[in-house]
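The structure appears below as structure tokens.
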Amino acid sequence: MHNHHSALGLATALRPINPVTLVRPHAASRAARFFVEKFPGKTLYAVKANPSPELVRILWDAGVTHYDVASIGEVRMVARTLPDATLCFMHPVKAEEAIAEAYHTHGVRTFSLDTMEELEKVLRATGNATDLTLCVRLRVSSDHSKLSLASKFGVLPGEAKELLFAARQAADALGICFHVGSQAMSPDAYAEAMERVRAAIVEAAVTVDVIDVGGGFPSTYPGMEPPALEAYFETIHRAFESLPISYSAELWAEPGRALCAEYSSLIVRVEKRRGDELYINDGAYGALFDAAHIGWRFPVRLLREPDSNAKDMPFSFYGPTCDDLDHMAGPFELPADIRAGDYIEIGMLGAYGSAMRTAFNGFGSDEIVEVTDEPMASLYLDDEADTRVASNVFTL
Ligand SMILES: Cc1ncc(COP(=O)(O)O)c(C=O)c1O
């Protein structure tokens, strides 16, 4: 991997023909330290958000010791990269072979489930193990979130009694988990979900050892500026303290997006301009899936030296493939004189964007360059004690 000081420096010095993914280890490290120090419980990184071995090493070095894995591929990658990490298999529908390999080969002891069938599967695959932490996933609303996770998984709180009871009989430790949906824009999402947890515990009358509030912690994007993460942590802590659970119960969270959104961005080249439409060399089948399919507006900036004096105007993007679907409506605000051959940085793509790149139509590239400048937006910068990084002064 190459190193560079900044996105602008890289674009002007190298004039790359293909899209380039920029990574900012210091930003991921800062996010991880924030969670490790301020979340009032244990932080599990949700690996699906960005399954890069380099990133999980950075998070480990910053103090993240637990990893939420959702497939046997993720289990293997984290076990290989971080042999001492604790893995929690939090996908509620798993292949029996995946459970068996995770338990017998990789030492995984924590599994989530939302049906009796999955409970039986876990017990069969582990040979009726007696050292399991079993987390029953409750279905909760995604009303406060930008991406719903309310339909696919989770037992309805009113129907959880039997499952909680059966899991309690089988488990060494019993957990309850949920997911409020990704990019939760209000801490109320967690307060409301915790009320559902309370109702389920009261109805089942079981002892609960772990409350796992899942992911959903937001990042910041144009038009989606959430409250400070501390407000989420306070709400969760207050709700956790008032649950009818034992004093020794643990609080867990599984942030994905919030830990890695700032980790990477993308440099693209404008290949053609048609009025307010820019044809760029990455798109819906590359790192811009969310921009194309759910209309997210990521931050953008022109990388040109000297900088443009033109006023900003709204643009949409076409990606490089032959599909009409390869379209990102934006609007993306860029200088009105932007033209073919210019470079653009598209920010905040570390979560999901980078993970979903394909090589469809022969486009896309695996080029990754490490930079030391700041991400285009941050939820953590105010918190930064290291002024060397905050002021963008790169010293070796
Ligand atoms: C079980 C589970 N945990 C955590 C996450 C991470 O969510 P987020 O990136 O919104 O923090 C997801 C995302 O789909 C998930 O399914």
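The values are calculated or read from the model by the stated rules, or taken from the named source; none is laboratory data. Because the structure is a prediction, the values reported are computed rather than measured. Here the Cβ is made from the backbone with ideal geometry for all residues, glycine too, and neighbour counts use every protein chain on show. For accessibility, only protein heavy atoms count, side chains too; no ligands or nucleic acids. Shrake-Rupley method; radii C 1.70, N 1.55, O 1.52, S 1.80 Å.
Tell me, Kirkwood radius of the range 1-106 from alpha-carbon pair distances, in Å?
After inverting the mean inverse Cα-Cα distance, the result is 15.6 Å.
Check cross-link reach from Lys152 to the lysines: straight Cα distance under 30 Å, and skip same-chain residues fewer than eight apart.
Excluding near neighbours in sequence, the set is Lys42, Lys48, Lys94, Lys121, Lys161.
Could you give the length gained by full extension between Glu195 and Arg339, i.e. 0.36 nm per residue of separation minus their alpha carbon distance, to one decimal place?
46.5 nm
Given a 1.4 angstrom probe, what's the average accessible area per residue across the range 130-214, in square angstrom?
With all protein chains present, the range 130-214 gives 39 Å² per residue.
What is the mean projected area of the alpha carbon convex hull for the chain, to one decimal in square nanometres?
With every direction weighted equally, the projected area is 19.6 nm².
Cα axis of helix 72-81 to longest principal axis of the chain: angle in degrees, 0 to 90, nearest 10?
80 degrees
Starting from the Cα-Cα distance between Arg76 and Glu159, subtract it from 0.36 nm times their residue separation and give me the gain in nm to one decimal.
Gain on stretching Arg76 to Glu159: 26.5 nm.
For the chain, what does the helix formula give at 222 nm: sum of -39500 (n - 2.57) over DSSP H segments with n ≥ 4, over the residue count, nearest 500 deg cm²/dmol?
-8000 deg cm²/dmol
Label Glu97 and Glu234 with points 7 Å out from Cα along Cα→Cβ: what is the distance between them in nm?
5.1 nm
Report for the range 126-195 the percent antiparallel among DSSP-assigned beta bridges with both residues inside it, nearest 5.
That works out to approximately 25 percent antiparallel.
Taking 7 Å along the Cα-to-C-beta vector as the label spot, tell me the Asp84-Ala205 distance in nanometres, rounded to one decimal.
It works out to 4.5 nm between the two label points.
Using the Kirkwood radius built from alpha carbon pairs, what does the Stokes-Einstein equation give as D for the range 186-291 at 20 °C and 1.002 mPa s, in µm² per second?
This corresponds to a translational diffusion coefficient of 126 µm²/s.
With contacts defined as alpha carbon pairs under 8 Å and 6 or more residues apart, what's the relative contact order of the range 200-254 in percent?
59 percent
Out of Lys94, Lys152, Lys38, any idea which swings most in a Gaussian network model of the chain, alpha carbons joined below 10 Å?
In this elastic network of the chain, the residue with the biggest mean-square fluctuation among Lys94, Lys152, Lys38 is Lys152.
I'm a student and want to see the number: the projected area of the Cα convex hull of the range 50-185, averaged over all directions, in nm².
That works out to 8.5 nm².
To the nearest 0.05, what FRET efficiency results for Tyr247 and Asp312 with a Förster distance of 56 Å applied to their C-beta separation?
Taking R0 as 56 Å, the efficiency between Tyr247 and Asp312 is 0.50.
Can you tell me how much longer the chain between Asn361 and Leu147 gets when fully stretched, taken as 0.36 nm per residue apart minus their C-alpha distance, in nm with one decimal?
74.3 nm
With both bridge residues required to lie in the chain, what share of the DSSP beta bridges run antiparallel, to the nearest 5%?
40 percent
In nm, to one decimal, how far is the modelled label at Ala329 from the one at Asp172, with both set 7 Å along Cα→Cβ?
It is 5.1 nm.
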